[in-house]
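> Next up is a structure, given as structure tokens.
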Amino acid sequence: MGFEWYGEFVDLKYVPSKNDTIALFRAKPAENMSFEDIAGRIASESSVGTWTTLSTLTEYTRTIMARVFKIEPPYLRVAYPIDLFEPGNVVQMLTCYAGNIYGMRAIEKLRLIDVSLPEEIVKSFKGPQFGIEGVRKILKVYDRPLTATVPKPKVGLTTDEYAKTAYDILAGGVDLLKDDENLGDLSFNRFEARVKAVMKVIDKVENETGERKGYLANITGETKEMEKKAKLVADYGNKFIMVDFVLAGWSALMTIRNIAQELGLAIHAHRAFHAAYTRDVEHGMSMLLLAKMARLIGVDHIHIGAAVGKMEAAKQDVLAIQRVITQEEVQEENHMHLHQKWYGLKPVVPTISGGLHIGLLPDVVQIHGKDILIQVGGGVTGHPDGSYAGAVAVRQALDAVNKGIPLNEYAKDHKELARGLEKWGYIRPK
Ligand code: CAP
Ligand code: MG
């Protein structure tokens, strides 16, 4: 139509500059729309344009138009000039390439797979405060994966019952006690009472075992409340906080990152709700991109899925996320992610969790390596001989992996491991 100018946002000869942000989309046109029709719309609506030509367009505005420079249906790549973005502000960046365009009538499905960020944008963020080395130093654990356990049932234990289970889990050998994603300040288990009780348990266990322990205290809530909870956690000498960052939101995560810097706290990022828009391969946003933005802002651990276990995740996707959040530079990987350099931003600890038990741990370590945090909830508190035995069995399984001994061999003289394998079985790594 005469008043449309979407075509001006498509330039297949354009060569992105090193300061451009490159976005990789997967798109499906609505009925009666061609792929070329929607390509221009995506670049226009996510940068300077709207549905009609404008009398107010200036020469400068033309210089910051986004441009579609590569079309390979169902994929397309858009280059965004750096002036479109507010350094250090993930929310404003996402309102460009993950904003209005999702709602355009001309587009039936749209998935933002990855964005490749230029140095100036990456360096405008703090990144992780501790990273893998820093977290290992806090816990004094260097030669094996870090471990965490949620005292299941998810919620329902009173503060005293929670503390008792916490003792069994930590004394049995798990490094970190983790609140579940929906455990807040509840009538039967108040937040402050829980922090006080768990920290008392940690003191006791550290004195008894000589091992360092930590508590992933779930502070998720309104930002001022989160600040108060984080300060309480720090006052009790704990070094970790946990936030359900997808539901809390990017602004809240940026606020929490500043608070964590002041208080010297490591951030454990739980991703509840991500699957609402990461799961459909044709629509939404990739978990890889969520994890990338979380590394920029600066979480220290993040759940990335598990190639085995109860939650949906393809092994190659989980490994791609692990590469992107831990390596200093990744090259483009066919439509899974783009090239990205991190310019010294620390790596994030990949958290592998969801339906894990001792029988799966050799597979997990073989697939993901040792520089990970393994969360085993039901796989510890569901052990036939109780949580203490469950925790002991996790450490025995990891010892067996370190020694290269098959679990069923090692179980012959490690009864907690044997009893757990009786219940859940052993998946021999492929
Ligand atoms: C796992 C868990 C975690 C999931 C989240 C749960 O418990 O505590 O929240 O791992 O999924 O509530 O299910 P179990 P993801 O160890 O008992 O399965 O890690 O994929 O984000
Ligand atoms: Mg949970």
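The values are calculated or read from the model by the stated rules, or taken from the named source; none is laboratory data. What you are looking at is a predicted structure, and each value in this text was computed from that prediction instead of being measured. Cβ coordinates were reconstructed from backbone atoms using ideal geometry, including for glycine residues, and neighbour counts include every protein chain displayed. Surface areas here come from the heavy atoms of the whole protein model, side chains and all, with no ligands, DNA or RNA. Shrake-Rupley method; radii C 1.70, N 1.55, O 1.52, S 1.80 Å.
> For residues that are open to solvent by 50 Å² or more (accessible area, probe 1.4 Å) and either over 26 Å from the mean Cα position of the chain (by Cα) or within 12 Å of Leu263 (Cβ to Cβ) (or both), tally how many sit in the stretch 193-226.
Looking only at that region, the number is 9.
> Pick out the one residue from Lys154, Lys178 that is farther than 17 Å from Asn238 by Cβ and out of contact with any helix residue (DSSP H, G or I) (no Cβ under 8 Å at 6 or more places or on another chain).
Only one candidate passes the filter, namely Lys154.
> Turning to a different aspect of this structure: Testing Glu31 on (1) in contact with a strand residue (DSSP E or B) (Cβ under 8 Å, 6 or more places away or on another chain); (2) more than 18 Å from Tyr80 (Cα to Cα); (3) surrounded by 13 or more Cβ atoms within 10 Å (Cβ to Cβ), one condition comes back false. Which one is that?
(3) is the only condition that Glu31 fails.
> Could I ask something else about it? Output the residue which, of all residues in the stretch 329-352 that are more than 15 Å from the chain's Cα centre (by Cα) and outside any loop (DSSP other than H, G, I, E, B), is nearest to ligand 2 (Cβ to nearest atom).
His337
> Continuing with the same structure: Could you check the stretch 374-430 and list, in sequence order, the residues that are charged (D, E, K, R), outside any helix (DSSP H, G or I) and closer than 30 Å to Gln327 by Cα? I'd like the intermediate steps shown before the answer.
Keep residues of the stretch 374-430 that are charged (D, E, K, R), which gives 385, 395, 399, 403, 409, 412-413, 415-416, 419, 422-423, 428, 430.
With outside any helix (DSSP H, G or I) added as a condition, the list becomes 385, 428, 430.
Hits for the stretch 374-430 are Arg428, Lys430.
> What do you reckon, is Met254 within 15 Å of ligand 1 (Cβ to nearest atom), open to solvent by 10 Å² or more (accessible area, probe 1.4 Å) and either under 15 Å from the mean Cα position of the chain (by Cα) or among the β-branched types (Val, Ile, Thr) (or both)?
No, not satisfied.
> Related question: Working carefully through the options Asp363, Asp371, find the one that is of a type in the set (D, E, K, R), assigned to a helix (DSSP H, G or I) and either farther than 30 Å from Tyr75 by Cβ or in contact (Cβ under 8 Å) with a residue 40 or more places away in the chain (or both). Spell out how you get there, then give the answer.
Numbers: Asp371 fails: assigned to a helix (DSSP H, G or I).
That would be Asp363, the only listed residue that is of a type in the set (D, E, K, R), assigned to a helix (DSSP H, G or I) and either farther than 30 Å from Tyr75 by Cβ or in contact (Cβ under 8 Å) with a residue 40 or more places away in the chain (or both).
> Which numbered condition in (1) closer than 19 Å to Lys154 by Cα; (2) of a type in the set (Gly, Ala, Ser); (3) out of contact with any strand residue (DSSP E or B) (no Cβ under 9 Å at 6 or more places or on another chain) is the only one that Gly210 fails?
(1)
> Are any residues in the stretch 276-287 in contact with a helix residue (DSSP H, G or I) (Cβ under 8 Å, 6 or more places away or on another chain) and either assigned to a loop (DSSP other than H, G, I, E, B) or within 14 Å of ligand 1 (Cβ to nearest atom) (or both), and if so, which ones?
Scanning the stretch 276-287 gives Thr278, His283, Ser286, Met287.
> Could you go through the stretch 363-374 and let me know if any residue there is buried (at least 20 other Cβ atoms within 10 Å of the Cβ), within 16 Å of ligand 1 (Cβ to nearest atom) and closer than 16 Å to Pro151 by Cα.
Yes: one or more hits.
> Residue by residue through the stretch 309-319, note down the ones that are modelled with pLDDT under 90 and buried (at least 19 other Cβ atoms within 10 Å of the Cβ).
Hits for the stretch 309-319 are Gly309, Ala313.
> For Gly355, work out the one condition from (1) under 23 Å from Thr381 (Cβ atoms); (2) under 10 Å from the mean Cα position of the chain (by Cα); (3) small (Gly, Ala, Ser) it doesn't fulfil.
Every listed condition holds for Gly355 apart from (2).
> Where the second residue is among the small types (Gly, Ala, Ser) and within 15 Å of ligand 2 (Cβ to nearest atom) and the first is farther than 14 Å from Lys152 by Cα and lies in the stretch 343-357, which pairs have Cβ atoms under 9 Å and are six or more apart or on separate chains?
These pairs meet every condition: Val348/Ala269; Thr351/Ala148; Thr351/Ala269; Ile352/Gly305; Ile352/Ala306; Ile352/Gly309.
> Next question, about the same structure. Does the stretch 379-390 hold any residues that are crowded, with 19+ Cβ neighbours inside 10 Å and within 13 Å of ligand 1 (Cβ to nearest atom), and which are they?
Correct list: Gly379, Val380, Thr381, His383, Ser387, Gly390.
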